[in-house]
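Trainee: Handing you this structure, nothing more for now.
The values are calculated or read from the model by the stated rules, or taken from the named source; none is laboratory data. A quick note: this is a predicted structure, and the numbers were derived from the prediction, not measured. As a convention, Cβ positions derive from the backbone with ideal geometry for all residues, glycine included, and neighbour counts pool all protein chains shown. Side chains included, ligands, DNA and RNA excluded: accessible areas come from the protein's heavy atoms. Shrake-Rupley method; radii C 1.70, N 1.55, O 1.52, S 1.80 Å.
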Amino acid sequence: MSLNRRALLGSLGGAAALAAFRSDALARIADAGKAVAGKPAPAVAGDEAYWAEIARAFDVDRTLINLNNGGCSPAPAHVMEAMIRDLRFSNEIPVYHMWTVLEPRIESCRRELAAEFGCDPEEMAITRNASESLETLIMGIDLKAGDEVVYTTQNYPRMITSWEQRARREGIVVKPITFPVPPQSGGDVVAKFRAAITPRTRVFEVTHITNLTGQILPVRDIVRLGREHGIETYVDGAHAFAQFPFKRDDLECDYYATSLHKWLFAPIGTGFLYVRKAKQKSIWPLMAAPPKMDEDIRKYEEIGTHPAANHNAIAVAIAFHRGIGAERKAARLRLLRDRWAKRLAAADPRFRVLTPLNDTESCGIGLIHSEGLDTEKLQAHLWDKHRIMTTPIVHPEFNGLRITPNVYTTLDEVDAFSDRMERLMKTGLPA
Ligand SMILES: Cc1ncc(COP(=O)(O)O)c(C=O)c1O
């Protein structure tokens, strides 16, 4: 048991108290929320007493500093417990408890996710991750040899691989475009999409926020551009949903894919796929469904036997997310981002933050290039010697460490990372 965990148990009066806290997590968050009621989100962002309460919902080992929450986030302890409870219940008699009792409750998750995203529940499919959602879109659209697809070289590699496989298999044409980090402007990215359009362009794929630098892209303008030219725009929102507030109508999109084990803090193996009602007939599911399901969003959930527990716990994660509030969460993530990024950028010109540090173009994710320090060796050193987890981003066009704190991350943890980075910039990495 870690020192901090032990201290926490002690301060709460032992394991029984900790268990009570967990089942009580939402009530405690509501109490913490009352204490800051009426305060604007940026003011709450710096209220350490409030965030200490939020952090207590997570079973965090404070001997490790996790600054890669973007890859996959831990879920709060009570979200895990709801899932484990349902797994045990399923295991008693799966064909009844899992299929008959628990599986139908996916409809509550659909309803709540649809409310969060701002669409009709009949447009919301629950999947296992953003990859599954995006593969459904990429493989599900009818395309002929010579049809063109435009995406950026900063799209997620699995999706690029999927389009490239369709190119090899069916002769579609992929047209990757590049943009600098950070881009000159959102308008510049839109202009690059516009310049790539030909009479054969059928699909745009754009990331809402890139996993590489945390850049938020002008999705609505790209969707509008596509629509003007009869082009479908697939939005990869793997990192965007529940990291910062927005609704479907802000984006005007017809398709949206995300994971929920990143920023919603739902259990690992949860995601969603939104497809506007009018588009559902033309996108085939990955696993076959009968014709009567052609316009039923549930055709994208025809995946065979799977645990109901994981997706049902999405409802608990949504309640936790709402308990904090999307605005407060985004404000806190931006405060943490600025704390390390602005400090390091000011400390030494050899640090270059490749993420724009403002409220519209990024949120909790930041990428820092450290001139003279090899990115992969730096990441390995921080983890091996200091137990600080970061993400090495090595892209043909740029490289650096991606830093993604979480709502449970303390200021001390962020500062420990910055201290170490400043020191390494002075001394270099040990041979
Ligand atoms: C932009 C982007 N798209 C898609 C994915 C795939 O997400 P998952 O592995 O959860 O399917 C990721 C994962 O990091 C991502 O960053």
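Trainee: Would you confirm, using the coordinates I've provided, whether ALA52 is assigned to a helix (DSSP H, G or I), open to solvent by less than 70 Å² (accessible area, probe 1.4 Å) and modelled with pLDDT under 95?
Mentor: Considered against the rule, which asks whether it is assigned to a helix (DSSP H, G or I), open to solvent by less than 70 Å² (accessible area, probe 1.4 Å) and modelled with pLDDT under 95, ALA52 comes out as no.
Trainee: Output the number of the condition that SER90 fails; it satisfies all remaining conditions of (1) more than 16 Å from the ligand (Cβ to nearest atom); (2) of a type in the set (Ser, Thr, Tyr); (3) part of a loop (DSSP other than H, G, I, E, B).
Mentor: Checking SER90 against (1) more than 16 Å from the ligand (Cβ to nearest atom); (2) of a type in the set (Ser, Thr, Tyr); (3) part of a loop (DSSP other than H, G, I, E, B), the one that fails is (3).
Trainee: Kindly list, by first and then second residue, each pair from a residue in the stretch 410-423 that is touching a residue at least 60 places away in the same chain (Cβ under 8 Å) to a residue that is of a type in the set (Ser, Thr, Tyr), limited to pairs with Cβ atoms under 9 Å and residues at least 6 apart or on different chains.
Mentor: Matching pairs, first to second residue: PHE417/THR390; MET421/SER370.
Trainee: Exactly one of these conditions fails for GLU107: (1) modelled with pLDDT under 95; (2) open to solvent by 10 Å² or more (accessible area, probe 1.4 Å); (3) within 25 Å of the chain's Cα centre (by Cα). Give me its number.
Mentor: Just one mismatch for GLU107, condition (1).
Trainee: Moving to a separate point now. Please verify whether the stretch 344-365 includes one or more residues that are open to solvent by less than 20 Å² (accessible area, probe 1.4 Å), assigned to a helix (DSSP H, G or I) and either touching a residue at least 24 places away in the same chain (Cβ under 8 Å) or of a type in the set (Gly, Ala, Ser) (or both).
Mentor: Yes, that holds for at least one residue.
Trainee: Just for the stretch 193-208: of the residues that are outside any strand (DSSP E or B) and more than 16 Å from the ligand (Cβ to nearest atom), which one is farthest from the chain's Cα centre (by Cα)?
Mentor: PRO199
Trainee: Scan the stretch 205-233 and report the pairs whose first residue is at pLDDT below 95 and whose second residue is outside any helix (DSSP H, G or I) and open to solvent by 10 Å² or more (accessible area, probe 1.4 Å), with Cβ atoms within less than 6 Å and a gap of 6+ or a chain change.
Mentor: Sorted first by the residue in the stretch 205-233, then by its partner, the list stays empty.
Trainee: Restricting to the stretch 268-284, count the residues that are open to solvent by 70 Å² or more (accessible area, probe 1.4 Å) and within 16 Å of the ligand (Cβ to nearest atom).
Mentor: Restricting attention to the stretch 268-284, the residues satisfying the condition of being open to solvent by 70 Å² or more (accessible area, probe 1.4 Å) are 268, 277-278, 281, 284.
Those still in the list that are within 16 Å of the ligand (Cβ to nearest atom) too: 268.
Summing the residues that are open to solvent by 70 Å² or more (accessible area, probe 1.4 Å) and within 16 Å of the ligand (Cβ to nearest atom) in the stretch 268-284 gives 1.
Trainee: Also: Quick check, is MET124 in contact with an Asp or Glu (Cβ under 8 Å, 6 or more places away or on another chain) and open to solvent by less than 60 Å² (accessible area, probe 1.4 Å)?
Mentor: Taking the combined requirement at face value, the residue does not satisfy it.
Trainee: While we're here: Please return the ranges of helices (runs of 4 or more DSSP H) entirely within the stretch 101-192 where 2 or more residues are touching a Pro at 6+ places or on another chain (Cβ under 8 Å) and away from the ligand (no atom under 16 Å from the Cβ).
Mentor: 106-117
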